[in-house]
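The values are calculated or read from the model by the stated rules, or taken from the named source; none is laboratory data. Values in this document were obtained by computation on a predicted structure and should not be read as measured data. Methodologically, a virtual Cβ is constructed for each residue, glycine included, from the backbone with ideal geometry; neighbour enumeration extends over all protein chains shown.
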Amino acid sequence: MNANAKPSPDVNSPEGLGKAAAEAVLDKEKSLLPAVVRLNEQKVARGFWPKIRKVAARIPFADDALSVWWCVRDPATPAAAKGLMLAALAYFVLPTDAIPDMIAGLGFTDDAAVLAAVLAVVGKHVKPAHKAAARGFLDRLADD
């Protein structure tokens, strides 16, 4: 885009787009978000526990991942926060990553970064009870 570029007449102009057309574009019923959240929820339900059991001893952010999982399960957590948390957990369980998990020393850095970013945005919803549940699970896992 150069300095002489001009926006379309529809941009930032409700009269240019028309109210009905604007509402159709922003129709929440047509949004993909609920479908994406459901898909992420299914991925997390299938893959989170097997992966966390396998890697918890090797990753320093296992307690954060578990805290986020318990926060997602909490009915008091707002839906928008759950959606972001589920996306981060789904990325954690995906077999394909930006940096493959099997690379020693680097494999989980992308997962840690995604989780840290989500916690920076919606971490206020992770309560002490979620952290305690995570710590309890890690303690039981270490005893086994």
Looking at Ala24 and the list (1) modelled with pLDDT of 90 or more; (2) loosely packed, with under 12 Cβ neighbours inside 10 Å; (3) in a helix (DSSP H, G or I); (4) touching a Lys or Arg at 6+ places or on another chain (Cβ under 9 Å), which single condition is not satisfied?
(1)
Could you check Leu17 against (1) of a type outside the set (Gly, Ala, Ser); (2) modelled with pLDDT of 85 or more; (3) surrounded by 17 or more Cβ atoms within 10 Å (Cβ to Cβ); (4) farther than 24 Å from His125 by Cβ and say which number it fails?
(2)
For the range 45-87, which residues satisfy the criterion of being modelled with pLDDT under 90, among the hydrophobic types (A, V, I, L, M, F, W, C) and assigned to a loop (DSSP other than H, G, I, E, B)?
Ala56, Ala57, Ile59
